[in-house]
Amino acid sequence: MSEKDQVIQAINSLGRRVTVADVATKTGLPLLVVNKELNQVALEASGQLEVATTGDIAYKFAPGFQSAYLAKGLKRVLQDFGQKAFQIGFFILRISFGVMLILSLLTVVLLVFAVIFYSATRGGNNDSDGDTGFSFDFFDFMIFRDLLWWNYDPYGSATRVGYDKRYDDYLQGRSAKREGNFFVNTFSFLFGDGDPNSNLEEKRWHLVAASISAHDNAITAEQLAPYTGQDAKDDNGVLPVLVRFDGKPEVSENGNIIYLFPSLSATAQLNRGETLPTYLEEKPWVFSAASNEELLPVILLAIVNFFGSLWLFSVHTPLTNALAPLILVLVVYGSLFITIPLVRFGVITMLNKGIEKRNAERADFAMQLRNPTAKLATKLKEAQGLAKKSKMIASIVYTTERDVLEQEFDTPPHSS
């Protein structure tokens, strides 16, 4: 029987109102183990804590708490299962676009050859049928031959526009060598790889708090600006920082506003300083995390699929007329495969312009700190005068990490 099961059994047998000592006596388990498991069971089964005037703590559980505990355990299992199912489903979704591209291309190629064969046999057997609306001359054939058979040899000569640079990169070892997956790369080509700044707010608040600590909990709006992105002339931009970290403004003798954060002064670290970047830098969006070499097969197949379906849509034969609904679907699918990346590229370009502007503004705020005016230098000096070093927490008299009874024996005797 596991330690947790022993604790649950002891709770039931003791009337569902117990202390750590009660359970330890009943099970014979170490106090620290009982304390840990009892807290865990109380959390998962919605147990109640009762604190006596003496400071002792009792745990009280409702009848049938085991069912609630098992239900929460089942809920966690279902959540884990749901999360894994979502991951599997999302992976299937990602590779499905590559699969559909290949199936669409195969369908287009088969239909192209079917139309060519159908038209050739009809033209050879009966030249008196008149104009069928279809012609397939040498120029058309050369276009489709190039689309279907275009490839490149990394050990050969550059034979396409723009390939010279890729070939030079290959020879000099600069091109990416990451082993790619065609199906995943297809999804990346269509929809990208997610927001590169998904944790920006978390990073921002971390840098703000670290900057406050680095300046000994007394800071100016100018020193926060490189991380908040708010103009230091607008002191209202500091309000969210004050609310979040329990800060308060204080006016200096020269009328400058300094922001103090006494609640951040207590620390349990000997040295919690860290090297901070001069400003918060947002990462630009990238079209795809895959390399050009990995995207090249996807792009080629998308182009062949698009022009092939478009060509099928443009010719008029009894065969294409009979398959018109299918060809229309292929045209729409092929068009979307080209349109979505083009639109996304335009959106990314606009987003990156905004990111570049915000980064430039924050970098400018940081530059002002490195080369302060006389007025700003005075303000920063006043902030240093109000700064208070962080204080180490010492002389611990109680911690929830250990049992109260054990800590009572650790209390040193008073000197006479």
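The values are calculated or read from the model by the stated rules, or taken from the named source; none is laboratory data. Given the structure is predicted, the values throughout are model-derived calculations rather than measurements. Please note: Cβ atoms are built from the backbone with ideal geometry, for glycine as well, and neighbour counts cover all protein chains shown.
Could you identify the single residue in G180, G173 that is at pLDDT below 85, of a type outside the set (S, T, Y) and at negative phi? Quick ask: steps written out before the conclusion?
Details: G173 fails: at negative phi.
The match here is G180.
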Of those in the range 325-356 that are at pLDDT 95 or above and charged (D, E, K, R), the residue nearest to V298 (Cα to Cα) is K353
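Would you please name the residue that is modelled with the lowest pLDDT, looking only at residues in the range 188-229 that are over 30 Å from E293 (Cβ atoms) and polar (S, T, N, Q)?
Initially, the range 188-229 is screened for residues over 30 Å from E293 (Cβ atoms), giving 200-229.
With polar (S, T, N, Q) added as a condition, the list becomes 211, 213, 217, 220, 223, 228.
Values: S211: 89, S213: 83, N217: 86, T220: 91, Q223: 92, T228: 91.
By that ranking, first place goes to S213.
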Kindly provide the set of residues from the range 275-309 that are in contact with a Ser or Thr (Cβ under 8 Å, 6 or more places away or on another chain) and farther than 30 Å from I355 by Cβ, ordered by number.
N305, F306, S309
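Suppose we filter V77, V34, V51 for residues that are of a type in the set (A, V, I, L, M), modelled with pLDDT of 75 or more and not assigned by TED's automatic domain parsing to the domain that holds F187; which single one remains? Give the derivation first.
Values: V77 fails: modelled with pLDDT of 75 or more; V51 fails: modelled with pLDDT of 75 or more.
That would be V34, the only listed residue that is of a type in the set (A, V, I, L, M), modelled with pLDDT of 75 or more and not assigned by TED's automatic domain parsing to the domain that holds F187.
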The range 331-357, subset of a type outside the set (A, V, I, L, M, F, W, C) and loosely packed, with under 15 Cβ neighbours inside 10 Å, residue nearest to F313 (Cα to Cα)
S335
